[in-house]
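A.B. asks: I'd like to ask some things about the structure below.
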Amino acid sequence: MSEKTLIEAIREAMDEELARNSEVFITGEDVGPRGGVFRATLGLFAKYGPTRIIDSPLAELSIVAVGIGAAMNGLRPICEIQFADFIQPAYNQIVNEAARIYYRTGGTFTVPMVIRAPYGGGIGGGLYHSQSIEATYSHVPGLKVVIPSNPYDAKGLLKSAIRDNNPVLFLEAKKGYRLIKGEVPEGDYTVPIGPANVTREGTDLTVYAYGMMHFYCQQAAEEVGKEGISVELVDLRTLNPLDKDTVLNSFKKTGKALIVYEDNRFLGYGAEIAAILADEGFNYMDAPIMRLAGPDVPGVPYSHPLQDWFMPGPKKIADAMRKLAAY
Amino acid sequence: MGTQVIMPQLGESVVEGKISQWLKKVGDQVKLYEPILEVETDKVTTEVTAATEGTVLKLYFKEGDVVKAGTQIAFIGAAGETPPGGASGTPALEPVMAGIAQASAVAGTTGNGNGKGAGARISPVVARIAAEYHVDVSQISGTGEGGRVTKKDILAYIEKQSSSQPAQGEGQRARVEPQLEPWEQPGLGELFRPSEEVFGKPTTPAAPALLPGETVPLTGIRRAIAEHMVASKRTSPHVTTVFEVDLTKVVAHRTANKALFERDGVNLTFTPYFVAATIAALKQNPLVNSAWTDTGIVLHRAINLGIAVSLGADGLIVPVIKNADSMNLLGLARAVNDLADRARRKQLKPDEVQGGTFTITNHGASGSLFATPIINQPQCGILGVGKIEKRVVVVTQAGVDSIAIKPMVYVGLTFDHRILDGNSADNFVTAIKQVLENWV
């Protein structure tokens, strides 16, 4: 076992799956000789050649559409969207086609496709390179949405996604690509799509997060832990289908919930968690359900002070934890 | 100085009363024992009298208000004196009787709480735990925002209470974890096998929806009847035994004595005959005049007979003839008339509807032949008297059968099978039958 970054774990998962199954191929902008804009596919073109690692035109609609066609005909495409911000031209393909084909054809066709997309701000990317898109796509039945928060889960979940017979949107925290490091076992293992993970046990309040925010929540929980506040941290990992049991069980234990997400607050993913807790956990509620999220502005600002104002980080999260613990 | 007028507790299980009418207004002079107001409960309507003489200085409630027993409702003193709460200020609603004070009404000034908890918001989880463990939240010191009682606070309080009183009611504290129905939501379950997931599982049928209609609000007496009936059925195993009684001699006696009784101002009905026969049978079978307790069957010394009186659509009430065995037929007839009359006019005193040891219900008055009434707890039995009607019966005289027309009645005893068995119950009804059939 060795320590790897998030992006190394992702690359390793693709490498192993390409070697394991000849039906797997990668397509996307600059994924070939260049190795992708974030170097996720670095070295794979040399290893697997132009029929397995295919550079695409600058057209997300066609990247996904090609993936759907290939998947329906027995291949297992990994479509890379360079930035999650760019996925919207493929929205119709994903929502109206990929997510519905199994249902529409009465089970005759499946779409075993993975769409990988780096999401999130904090990297000085401005409006078009910082967005969080998980809420929009988690709303769609028939599409699985996965966001790993650490290298171990990233490798195991991506392998599960590639082997899954349904379309999976695999979102990667680009800020964490080289920031988040962790032990990753050599060789084959999977982390199942679905179950959430209680990454820190606590008694005073539960914090729900995923991806980059989970990383920050760990730091914040550590910080307030020194003040005697015991935080339970739930890493959701799979946003759809959601592991409601884990979500509710933790809430039953603590009675207080804070949901942290980077996407803008209004109708963000945390709204659904809050609604489920209010609906099915009402008798266990000991405080208002709180959300800490990005503000409702049209984009993550380019200016660094404004970007800091936008992004939830360890300090803001710790303050929210203190406020909820004191309620 | 001055004297408070307190809402009385009108019966053992009665916790509140409605002020149906003020008989005095502010400024009126009252004499000692003079009625001040009329109070209505689910059992009775009664007058509250003055415990002192003086001037009515203040009435704290309006007519129609429902007030907890023990609450100060008026103030009597010397003319010109200022009553508590000022002559026209806000009413002083503080209950004065210890133990009846409801925490919600008093702002937590007593007890060991910090007083902030009662006014602050109570979260759903704290409310649920308080209900499950029977905890008064106002007694808990809150550590949350603004002194709010948090989940941790109430759990710590329960922990402390149970460790300091280990003997008290395990069962009461036993916590029932509610079963959460799994919520079938395809979007959150296994996504792509909806046909098996949703349609394959057996579903429990939902409670049938009520058809649209008018809802009649529950009156106090209707609610009290419902509670008593359900509690009784849950308490004792009910068994009913029915006998047929020949009333030839009773009818003859009544016909002969009706005018005589009328001279004494008493309307002689059949009910006193059944009451008298029941008293005689109870004396012969003391086990029937009893109550079940876990430590043993309590045989009552007194025979206090309850008579069920219908109030029509308003429900039913059971006034009690105390020490009924000390009365002759005339006394019983007078008592039955008086109680039934005052019951219908809601003029019964609280103690006249309490302390019964056995009950008679005359369901025959509305045409019923026989019935299976519900026991008036904690009594052992209830006698149901059906409609008296002429029937064709076979009589045997000197070994010869013949057909005769006789006034007959079905008399049924519903009894608590924990106390009586079929044989002992039948002996009791047989005794009633013998008294009635051999009436002289």
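The values are calculated or read from the model by the stated rules, or taken from the named source; none is laboratory data. Note that the structure is a prediction, hence the values are computed from the model and not measured. Neighbour counts are summed over all protein chains in view; Cβ atoms, including those assigned to glycine, are modelled from backbone coordinates with ideal geometry. All accessible areas refer to the heavy atoms of the entire protein, side chains included, with ligands and DNA or RNA removed. Shrake-Rupley method; radii C 1.70, N 1.55, O 1.52, S 1.80 Å.
A.B. asks: Take A:A196 and tell me if it is open to solvent by less than 10 Å² (accessible area, probe 1.4 Å) and among the hydrophobic types (A, V, I, L, M, F, W, C).
C.D. replies: On the way: open to solvent by less than 10 Å² (accessible area, probe 1.4 Å): no; among the hydrophobic types (A, V, I, L, M, F, W, C): yes.
For A:A196, the condition - open to solvent by less than 10 Å² (accessible area, probe 1.4 Å) and among the hydrophobic types (A, V, I, L, M, F, W, C) - is not met.
A.B. asks: Also, I was wondering about something else. Identify, please: which residue in region B:120-156 is open to solvent by 20 Å² or more (accessible area, probe 1.4 Å) and outside any helix (DSSP H, G or I) and is, among those, farthest from the other protein chains (Cβ to nearest Cβ)?
C.D. replies: Checking each candidate, the answer is B:D136.
A.B. asks: Please find, within region A:87-143, the residue that is nearest to the other protein chains (Cβ to nearest Cβ) out of those that are open to solvent by less than 50 Å² (accessible area, probe 1.4 Å) and of a type in the set (F, W, Y). Explain how you work it out, then say what you get.
C.D. replies: Residues of region A:87-143 open to solvent by less than 50 Å² (accessible area, probe 1.4 Å): A:87, A:90, A:93-95, A:98-99, A:101, A:105, A:107, A:110-122, A:124-126, A:130, A:132-135, A:137-138, A:140, A:142-143.
Okay, now just the ones that are also of a type in the set (F, W, Y), so A:119, A:137.
Numbers: A:Y119: 21, A:Y137: 13 Å.
For region A:87-143, the residue satisfying everything is A:Y137.
A.B. asks: Restricting the search to region A:237-253, which residues are more than 11 Å from chain B (Cβ to nearest Cβ) and more than 20 Å from the chain's Cα centre (by Cα)?
C.D. replies: Correct list: A:S250 only.
A.B. asks: Looking only at region A:146-167, count how many residues are open to solvent by less than 10 Å² (accessible area, probe 1.4 Å) and away from chain B (no Cβ under 11 Å).
C.D. replies: Looking only at that region, the number is 14.
A.B. asks: For A:F215, indicate whether it is open to solvent by 10 Å² or more (accessible area, probe 1.4 Å) and either more than 14 Å from chain B (Cβ to nearest Cβ) or more than 19 Å from the chain's Cα centre (by Cα) (or both). So that I can check it myself, show each step before the final result.
C.D. replies: Values: open to solvent by 10 Å² or more (accessible area, probe 1.4 Å): yes; either more than 14 Å from chain B (Cβ to nearest Cβ) or more than 19 Å from the chain's Cα centre (by Cα) (or both): yes.
When the stated conditions are applied, A:F215 passes them.
A.B. asks: Does B:A256 count as part of a helix (DSSP H, G or I), assigned by TED's automatic domain parsing to the domain that holds B:Q379, surrounded by fewer than 17 Cβ atoms within 10 Å (Cβ to Cβ) and modelled with pLDDT under 90?
C.D. replies: Criteria not met by B:A256.
A.B. asks: So is B:G412 open to solvent by less than 40 Å² (accessible area, probe 1.4 Å), in the same structural domain as B:P319 (by TED's automatic domain parsing) and part of a strand (DSSP E or B) or not? Spell out the reasoning first.
C.D. replies: On the way: open to solvent by less than 40 Å² (accessible area, probe 1.4 Å): yes; in the same structural domain as B:P319 (by TED's automatic domain parsing): yes; part of a strand (DSSP E or B): yes.
Yes: the conditions hold for B:G412.
A.B. asks: Scan (1) surrounded by 21 or more Cβ atoms within 10 Å (Cβ to Cβ); (2) without any contact (Cβ under 8 Å) to a residue 60 or more places away in the chain for the single condition A:M72 breaks and write down its number.
C.D. replies: For A:M72, the failing item is (1).
A.B. asks: Also, I was wondering about something else. Looking at this structure, is B:A231 open to solvent by less than 50 Å² (accessible area, probe 1.4 Å) and either modelled with pLDDT of 90 or more or out of contact with any Asp or Glu (no Cβ under 9 Å at 6 or more places or on another chain) (or both)?
C.D. replies: Yes.
A.B. asks: Looking at (1) farther than 27 Å from A:I81 by Cα; (2) surrounded by fewer than 24 Cβ atoms within 10 Å (Cβ to Cβ); (3) not hydroxyl-bearing (S, T, Y), find the lone condition where A:V191 falls short.
C.D. replies: (1)
A.B. asks: Does region A:65-116 hold any residues that are assigned to a loop (DSSP other than H, G, I, E, B) and closer than 24 Å to A:M14 by Cβ, and which are they? Lay out the reasoning, then the answer.
C.D. replies: Initially, region A:65-116 is screened for residues assigned to a loop (DSSP other than H, G, I, E, B), giving A:73-75, A:81-83, A:99-100, A:105-113.
Correct list: A:N73, A:G74, A:L75, A:I81, A:Q82, A:F83, A:A99, A:T110, A:V111, A:P112, A:M113.
A.B. asks: Now for a separate question. Report whether or not B:L10 is among the aliphatic types (A, V, I, L, M), part of a loop (DSSP other than H, G, I, E, B) and open to solvent by 50 Å² or more (accessible area, probe 1.4 Å). Spell out the reasoning first.
C.D. replies: Details: among the aliphatic types (A, V, I, L, M): yes; part of a loop (DSSP other than H, G, I, E, B): yes; open to solvent by 50 Å² or more (accessible area, probe 1.4 Å): no.
Criteria not met by B:L10.
A.B. asks: (1) open to solvent by less than 30 Å² (accessible area, probe 1.4 Å); (2) modelled with pLDDT under 90; (3) in contact with an Asp or Glu (Cβ under 8 Å, 6 or more places away or on another chain): which one isn't true of B:L268, the others all being true?
C.D. replies: With respect to (1) open to solvent by less than 30 Å² (accessible area, probe 1.4 Å); (2) modelled with pLDDT under 90; (3) in contact with an Asp or Glu (Cβ under 8 Å, 6 or more places away or on another chain), B:L268 is out only on (2).
A.B. asks: Considering region A:24-64 alone, what residues qualify as being part of a strand (DSSP E or B) and either over 30 Å from A:T105 (Cα atoms) or open to solvent by 70 Å² or more (accessible area, probe 1.4 Å) (or both)? I'd like the intermediate steps shown before the answer.
C.D. replies: Step one: of region A:24-64, the residues part of a strand (DSSP E or B) are A:24-28, A:53-55.
Correct list: A:D55 only.
A.B. asks: Considering each residue of region A:254-282, count those that are buried (at least 17 other Cβ atoms within 10 Å of the Cβ) and within 14 Å of chain B (Cβ to nearest Cβ), and give that number.
C.D. replies: Number of matching residues: 11.
A.B. asks: Based on this model, can you work out whether A:M285 counts as crowded, with 19+ Cβ neighbours inside 10 Å and out of contact with any Pro (no Cβ under 7 Å at 6 or more places or on another chain)?
C.D. replies: Details: crowded, with 19+ Cβ neighbours inside 10 Å: yes; out of contact with any Pro (no Cβ under 7 Å at 6 or more places or on another chain): no.
So A:M285 does not fit the description; no.
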